[in-house]
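Structure first, then comments.
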Ligand code: 13P
């Protein structure tokens with residue numbers, strides 16, 4: 001792939017009114033979610049679950065790319081067809097999570113640094129040869145009274161720059177994911193302040209390390225109050241959209257191919273409604289936004305399906321309908337067409353959502 005190929009892949013991921021589905025949970029994270037849902041935690045149950053997600057009928061109508069995990073990219077359907085082949089046949093671009101997780105940052109209590117740079121060049125070559133066309137690296141920033149510190153922000157931003165440069169060298173589009181965590185009692189204003197600091201440092205590193213901005217995708221948190229912040233002043237969808245947009249317009253260069261949001265622990269409905277508010281701007285605001293604002297959700301697409309499935313073959317069809325429904329709600333939100341009525345019983349079939357959208 002040439003550098004023009006990188007740009008084309010980045011555009012294919014974020015353009016065309018579709019979003020990303022993240023199914024790249026590490027083995028321990030996937031097992032924790034399975035345990036919470038009462039599902040056996042084995043390689044085979046993880047494979048069956050990923051088969052359910054990847055083979056959801058009509059997935060490609062709403063999903064442009066799927067982020068896989070190292071275990072999943074090597075797996076396939078029960079009939080032996082590889083997941084990569086299934087995605088290729090459906091017209092969905094395969095991606096791969098390549099960081100090896102966040103670990104405590106030395107001498108900085110409660111801060112984390114994401115690891116995985118050692119040997120990354122070789123792993124990227126292998127993933128590219130397998131068929132991956134983009135990659136993901138997540139840096140996490142827990143919010144404390146005095147954290148994140150400048151050191152924590154710089155360590156993660158530098159690693160994101162190293163990762164992104166290695167990806168582009170290997171002709172893989174880097175999805176760079178700095179995530180200010182929702183856990184905590186912080187205000188929305190503090191989340192905005194930290195997100196600005198993080199994005200400033202991240203894009204400084206992209207520039208210093210020569211990363212091509214039109215060949216990368218930013219995956220970022222919305223600007224939100226902490227999950228345990230006092231309930232006295234609930235924020236509206238519009239306030240979240242305004243605070244998030246103000247932050248992004250200030251900190252993200254216009255050349256970036258596109259921005260996608262993570263769900264980060266929001267409910268499915270809120271993740272859709274807030275994305276909708278972000279895309280339902282006045283014509284004046286819209287004219288100032290240089291990127292598409294999309295989604296790259298894991299929990300906010302998967303969570304209902306996981307619980308419906310419960311590890312039982314008999315529930316696969318119903319679970320896939322739940323995946324379709326959430327994917328369709330988020331696709332509607334990309335156009336500002338999401339409506340809370342879509343969450344009503346009877347509105348959940350993929351067909352009914354499609355009809356509603358065509359009416360707009
Ligand atoms: P959530 O949407 O569940 O936050 O996950 C997104 C993701 O890919 C985390 O790295």
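Readers should treat all values here as calculations from the given coordinates under stated rules, not as data from a laboratory. Worth saying up front: this structure is predicted, and the values here are computed from it rather than measured. Cβ sites come from the backbone with ideal geometry, for glycine too, and all protein chains shown count toward neighbours.
State the dimensionless ratio Rg/Rh of the range 1-84 (Rg: radius of gyration of Cα atoms; Rh: Kirkwood radius). My calculation puts Rg/Rh at 1.04. Among 173, 256, a tally of other beta-carbon atoms within 10 Å of each Cβ gives an order, fewest to most, of 256, 173. Orientation-averaged projection of the range 140-216 equals 5.0 nm² [convex hull of Cα atoms, one quarter of hull surface area].
Taking the square roots of 5 times each eigenvalue of the Cα gyration tensor of the range 116-162, largest first, gives ellipsoid semi-axes of 29, 11, 7 Å.
Put in line by how crowded their Cβ is, counting other Cβ atoms within 10 Å and starting with the fewest, 203, 83 read 203, 83. Take the Cα of residue 146, step 7 Å toward its Cβ, do the same at residue 228, and the gap between the two points is 2.0 nm. Taking the centroid of alpha carbons for each part, the range 122-200 and the range 264-296 are 20 Å apart. Between residue 89 and residue 287, the simple spin-label model (points 7 angstrom out along Cα→Cβ) gives 4.8 nm. Annotation: the chain has a Kirkwood hydrodynamic radius of 20.5 angstrom, from the mean reciprocal C-alpha pair distance.
Of the Cα atoms belonging to the range 32-127, the radius of gyration and Dmax stand at 16.2, 50 Å. Note on 237, 222: ascending count of other Cβ atoms within 10 Å places them as 237, 222, the fewest first. When the P(r) of the range 243-345 is calculated, the portion above 23 Å amounts to 32% of the C-alpha pairs.
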